[in-house]
Amino acid sequence: MRYFDCDKVKTMETVKTIHLTQTVQKGGCAAKVAAVELRKILSQVRMPKAPPELIVGTGTFDDAAIYRVNADVALVQTLDFFTPIVDSPRLFGKIAAANALSDVYAMGGKPATAMAIFAFPLALMEDAIAVEVLQGAAEVIEASGAALVGGHTIDDDTMKFGLSITGFVHPEKVWTNAGARPGDALILTKGLGTGTLTAALKREEATEADIDVGLQSMCQLNDIAGVVSDELLSSIHAATDVTGFGLAGHAFNLARSSQVSLEIEFKALPVLPRALEFLEKEFLTKAHRTNAEYVKTHTRFTDASKVMEQLVYDPQTSGGLLLSVDPSCADELLRALKTRFPMASRIGRAKSPDARALHFQ
């Protein structure tokens, strides 16, 4: 159904038929404030003085904050929310939860508690839709081993949902985006293309069934500790999750924070089914353009088609982890990852700083 007929949004049947993507202008991580604009805003804010216990704060655009509690324990704190990226309410809740939890995994941590942030249009949608969103989130939170302990809701014209997550990590085992070393191998754990897949969904050029592999990827937790030994985990020098700024944007943040350059091979990139088809048809978002603007002066392309360029700009929602790894352990780590993340791929390497932070070839 096309939105909005308030008289029809009053039965449980609506949960099955309403198209949440038609209620918003942009959805998922594509709705993030553009990286260029965000840096501009933050540069004008006088931040509070950071205490010595703050290991990771706002300085490097990392995935979460790290606050040392004692010699053995540090808090991992993050928050993420966005507008609907899919039509099914329960699926939306699952994706939003997996996306928020990913920030803790990207820092090497284990999530412990989750609090919901929920804006819901009470006059326009049946309560059953809110129940479905929360139930989807609860299922993913339970799978992570964390507890849903509360949250905050407001009545708003546009639905928005996400989570504030608190986790724990040993202070000496924190991953950041600032630890990559020249010679490291780069591994990406999930396929690319969620931005264009969900753009096709919003345009009603595809159904959820058509992009099921991409949807399942977005629901998957980035918990790599469950399949990787502690020894192999220690070979990871830097990590970040790939979300709204695309592979190029998050790789650039990692390269800049680590003071390295990254070489990434197009042929090695894992791609979700139909993503290249939809990019060819120019099913794009505003974030494709803003992500390109963010890295354009720092990126070199060799023999790149327009479609492959758009792929690395594609805004991911609940995307994979980008890992910078000791090259001597990379193959063994990749084999372990593939038992849970079949599209995990070795996509390039880090090297000494160059004139451009990123080289796609």
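The values are calculated or read from the model by the stated rules, or taken from the named source; none is laboratory data. Here the structure is a predicted model, which is why all the values come from computation and not from measurement. With ideal geometry, Cβ positions are generated from the backbone for all residues, glycine too; neighbour counts draw on all protein chains shown.
Some notes on this structure:
- Gly319 falls short on exactly one of the conditions (1) buried (at least 24 other Cβ atoms within 10 Å of the Cβ); (2) assigned to a helix (DSSP H, G or I), and that condition is (2).
- Residue in the range 101-114 that is surrounded by 22 or more Cβ atoms within 10 Å (Cβ to Cβ), among the small types (Gly, Ala, Ser), part of a helix (DSSP H, G or I) and in contact (Cβ under 8 Å) with a residue 60 or more places away in the chain present: yes
- Count of the range 157-177 residues which are of a type in the set (Asp, Glu), closer than 18 Å to Pro89 by Cα and at pLDDT 95 or above: 0
- Filter result for the condition that a residue is closer than 22 Å to Cys219 by Cα and more than 20 Å from the chain's Cα centre (by Cα), over Thr339, Thr317, Thr285, Thr297: Thr339
- From the list Ile187, Ile165, the lone residue that is surrounded by 20 or more Cβ atoms within 10 Å (Cβ to Cβ), under 16 Å from the mean Cα position of the chain (by Cα) and within 27 Å of His288 (Cα to Cα) is Ile187.
- Residue count for the range 168-192, restricted to those that are out of contact with any Lys or Arg (no Cβ under 9 Å at 6 or more places or on another chain) and within 26 Å of Thr113 (Cβ to Cβ): 7
- Residue ID - nearest to the chain's Cα centre (by Cα), chosen from residues in the range 31-56 that are among the small types (Gly, Ala, Ser) and under 27 Å from His288 (Cα atoms): Ala31
The rows are residues; the columns are (1) out of contact with any strand residue (DSSP E or B) (no Cβ under 8 Å at 6 or more places or on another chain); (2) part of a helix (DSSP H, G or I); (3) closer than 18 Å to Gly214 by Cα; (4) free of Cβ contacts under 8 Å to residues at least 24 places away in the same chain.
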| site | (1), (2), (3), (4) |
| --- | --- |
| Thr290 | yes, yes, no, no |
| Lys296 | yes, yes, no, yes |
| Ala304 | no, no, no, no |
| Gln310 | yes, yes, yes, no |
| Arg335 | yes, yes, no, yes |
